[in-house]
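Working notes, beginning with the structure itself.
The values are calculated or read from the model by the stated rules, or taken from the named source; none is laboratory data. Worth saying up front: this structure is predicted, and the values here are computed from it rather than measured. Cβ placement follows ideal geometry from the backbone for every residue including glycine, while neighbour counts extend to all protein chains displayed.
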Amino acid sequence: MVDMDVLGTDDGNGNLNGTLQINGTTVSLVSSTVNYTTGAVSLQTSAAIPTGLPIELKVDVDIEANPSLIPKIKYDISKFEVHPHESVIGSQYTLQAMLSLQRSYGQNMASLASRHLLNLITANTDRVIIADMFKGAKGKKSFDCALPTGLSIDQHYPTVSIVLDEMDSEMIARNKKAGLFALVCGTKASRFFRSMQRMGVFTLAPGYRSIPQPHFVGRFSGIEIYEDPQLPAAEAVGVAKGDDYFRTGYYSSIAVPYMPFRHSVQDDLKYKSTLYGKSFRDFAPVDGREYFMKFEVLNF
């Protein structure tokens with residue numbers, strides 16, 4: 001090929017033949033050959049190839065003649081183990097309290113206690129997982145809310161999307177699977193994103209209200225925004241997540257479902273119960289931390 005245009009082809013008998021118009025001149029291959037054994041090519045043309053035009057040769061290898069040329073990839077599988085962590089919480093209430101609640105309000109104390117324990121233990125598990133992600137996050141990006149000269153808040157704040165795009169690109173480059181999916185924010189960082197609702201670039205969750213535990217806030221440019229009051233107020237942890245369970249950097253799942261164990265009433269006339277369960281909550285053994293990056297809002 002001359003400048004990516006085909007000059008000639010192999011006839012299957014070791015001869016190269018062909019003609020090409022190059023800058024108005026007809027150029028033909030003359031007495032050109034190819035040695036199938038050594039791969040040596042001899043090129044003779046009826047006229048000189050103009051200076052500066054690249055000459056390239058495209059070849060196919062006869063795999064049937066030499067199967068050893070077939071590339072081979074050997075796969076080795078490494079074994080990694082993750083172990084579930086225990087979660088346990090207890091409660092107690094008196095016989096008098098149980099009877100009083102039943103008589104006055106028609107409520108079952110045992111049922112209320114079980115639901116309360118389950119709410120507490122699951123909320124605490126969420127906090128532990130988010131704290132792990134925040135501590136294990138690699139790298140950090142920030143956005144300065146101080147207004148540059150000549151710009152208004154409505155013009156400047158939405159440019160945080162540039163920083164988030166940088167996070168997305170860097171996370172994909174690091175983990176090779178997924179980009180920025182969500183931000184879990186402290187209270188001030190969450191307020192920063194909520195402040196852009198009137199600008200039309202942030203969509204608040206329907207019926208949103210702030211609560212003192214991890215919760216969904218809304219979406220900014222397709223990125224899910226959550227709030228965790230336990231994180232540093234102006235900071236957040238960016239989370240990368242793909243389309244399936246394995247395209248993530250953190251394993252979080254139930255190993256043993258939470259089970260209540262009620263204990264017999266002793267002479268103190270108190271009902272006692274214990275809620276027990278096991279769950280996985282660890283970074284993926286290989287490159288798990290590459291799915292997380294910190295983000296901070298400055299001067300807000």
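Do you know which residues across the stretch 192-245 are of a type in the set (Gly, Ala, Ser) and over 25 Å from Asn124 (Cα atoms)?
Ser195, Gly200, Ser221, Gly222, Gly242
Out of Asp154, Asp168, which single residue is in contact (Cβ under 8 Å) with a residue 12 or more places away in the chain, crowded, with 17+ Cβ neighbours inside 10 Å, more than 30 Å from Tyr258 (Cβ to Cβ) and not hydrophobic (A, V, I, L, M, F, W, C)?
Only one candidate passes the filter, namely Asp168.
May I ask you to verify whether Ile63 is outside the structural domain of Asp228 (by TED's automatic domain parsing), hydrophobic (A, V, I, L, M, F, W, C) and within 35 Å of the chain's Cα centre (by Cα)?
no
Quick one: which residue in Phe220, Phe202, Phe193, Phe216 is at pLDDT 95 or above, surrounded by fewer than 16 Cβ atoms within 10 Å (Cβ to Cβ) and under 22 Å from the mean Cα position of the chain (by Cα)?
Of the residues listed, the single one that is at pLDDT 95 or above, surrounded by fewer than 16 Cβ atoms within 10 Å (Cβ to Cβ) and under 22 Å from the mean Cα position of the chain (by Cα) is Phe216.
Out of Ala173, Ala146, report the one residue that is assigned to a loop (DSSP other than H, G, I, E, B) and either surrounded by fewer than 17 Cβ atoms within 10 Å (Cβ to Cβ) or touching a helix residue (DSSP H, G or I) at 6+ places or on another chain (Cβ under 8 Å) (or both).
Working: Ala173 fails: assigned to a loop (DSSP other than H, G, I, E, B).
After ruling out the rest, the residue left standing is Ala146.
Looking for whichever is surrounded by 12 or more Cβ atoms within 10 Å (Cβ to Cβ) and of a type in the set (A, V, I, L, M, F, W, C) here; the options are Ala47, Ala97. Which one fits? Walk me through how you get there before you give the answer.
Working: Ala47 fails: surrounded by 12 or more Cβ atoms within 10 Å (Cβ to Cβ).
After applying the criteria, what remains is Ala97.
Which condition breaks for Val30 when tested against (1) in contact with a Gly (Cβ under 8 Å, 6 or more places away or on another chain); (2) over 20 Å from Pro54 (Cβ atoms); (3) surrounded by 12 or more Cβ atoms within 10 Å (Cβ to Cβ); (4) not charged (D, E, K, R)?
For Val30, the failing item is (1).
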